[in-house]
1. Give me the number: length gained by fully extending LEU50 to GLU166, i.e. 0.36 nm times residue separation minus the C-alpha to C-alpha distance, one decimal in nm.
2. List PHE170, PHE69 from most exposed to least, where exposure is judged by having the fewest other Cβ atoms within 10 Å.
3. Please give the contour-minus-distance gain from GLU31 to SER145: 0.36 nm per residue of separation, less the Cα-Cα distance, rounded to one decimal in nm.
Amino acid sequence: MNKFTWAVVGIVVVLVLYSWSLYNGLVKANENITGQWAQVETQYQRRFDLIPNLVNSVKGIMAQEQKVFGDLAEARTRYAGAMNTDDKVKAVNDVESSLGRLLVVMENYPQLRSSETVLTLMAQLEGTENRISVERSRFNDTVRSYNTKVKRFPANVFAGFYGFDEKSYFEPQPGSEKAPDVKF
């Protein structure tokens, strides 16, 4: 074999090794996104497990705010039946909106806050909300890292060839920055 043949073989070997390494890196980054979303869902499940206990405790003290409880239960049910991430995000946003209304209700009824059960459940729910926020942030960080890999040259050429597309970030529902208005 002459030098030219060895050079071509060397370039092909380098390209194959680079492609192999890149593919494995993209698979790992994609799996990191899946794993991080599972962490977000774990915290959502914790929230959904706490909600019925909180709702039942509040119902025992205050019976007049049935709509908030119904909305929470309905959103929780929609989340359980959601088939994709977009439907789950919409259901979670509905839960958050209802929780905001519930918090306003609790502020308007001091006897609710005095219940030890409600206080304990609210503290757990608050902790869960903080965990959800952290996990969402980690999810978005993981998506950003993956998207950066997929968009960089020359990886973007290989990523497109292997079918690795850009992923969506978790984004809040428009208007969620505004406090909910609760009317009786």
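1. On the way: separation 116, 0.36 × 116 = 41.76 nm, distance 3.42 nm.
Full extension from LEU50 to GLU166 adds 38.3 nm.
2. Numbers: PHE170 16, PHE69 21.
The fewest-first ordering by Cβ neighbours comes to PHE170, PHE69.
3. Details: separation 114, 0.36 × 114 = 41.04 nm, distance 1.21 nm.
Contour length minus Cα-Cα distance gives 39.8 nm.
Coordinate-derived values only; no laboratory data. If you're wondering where the values come from, they're calculated on a predicted model, not measured in any experiment. FYI the Cβ positions are ideal-geometry reconstructions off the backbone, even for glycines, and counts take in every protein chain you see.
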